[in-house]
1. Please tell me if Phe13 is open to solvent by less than 100 Å² (accessible area, probe 1.4 Å) and modelled with pLDDT of 90 or more.
2. For the range 33-82, give me the residue count where each residue is modelled with pLDDT under 95 and polar (S, T, N, Q).
3. So which residues in the range 24-82 are surrounded by 13 or more Cβ atoms within 10 Å (Cβ to Cβ), part of a strand (DSSP E or B) and either more than 11 Å from the chain's Cα centre (by Cα) or not acidic (Asp, Glu) (or both), if there are any at all?
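The values are calculated or read from the model by the stated rules, or taken from the named source; none is laboratory data. Nothing here was measured: the structure is a model prediction, and the numbers come from that model. Positions of Cβ are generated from backbone atoms using ideal geometry, with glycine treated the same way; all protein chains shown enter the neighbour counts. For accessibility, only protein heavy atoms count, side chains too; no ligands or nucleic acids. Shrake-Rupley method; radii C 1.70, N 1.55, O 1.52, S 1.80 Å.
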Amino acid sequence: MVSSVIPQDKRVFIAVRNHRCIVARFRATARHEVYAIEEAANWRELEDDARRAVETQVGAITHDEHYPCPERLAMRAAWPED
């Protein structure tokens with residue numbers, strides 16, 4: 001399913017993939033018309049806190065999805081170009 005909503009550049013979220021909770025953000029590419037998902041360089045260090053944040057929002061994690069990332073967690077993320 002393709003969303004008709006264009007993601008906000010640099011918006012941090014938690015991507016759940018194969019039971020992993022990855023702090024990530026959208027990154028504008030190709031003249032800001034295409035967006036890529038960029039994982040935080042330290043997402044493995046943040047994973048336990050990211051999992052707790054998702055479980056607080058939805059309970060048990062049952063499928064891959066994107067979830068809001070709490071600001072305190074987002075501020076701890078390190079990005080590849082930083």
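1. Working: open to solvent by less than 100 Å² (accessible area, probe 1.4 Å): yes; modelled with pLDDT of 90 or more: yes.
So Phe13 passes the test.
2. Final tally of qualifying residues: 2.
3. Ala24, Arg25, Phe26, Arg27, Ala28, Tyr35, Ile37, His66, Tyr67, Pro68
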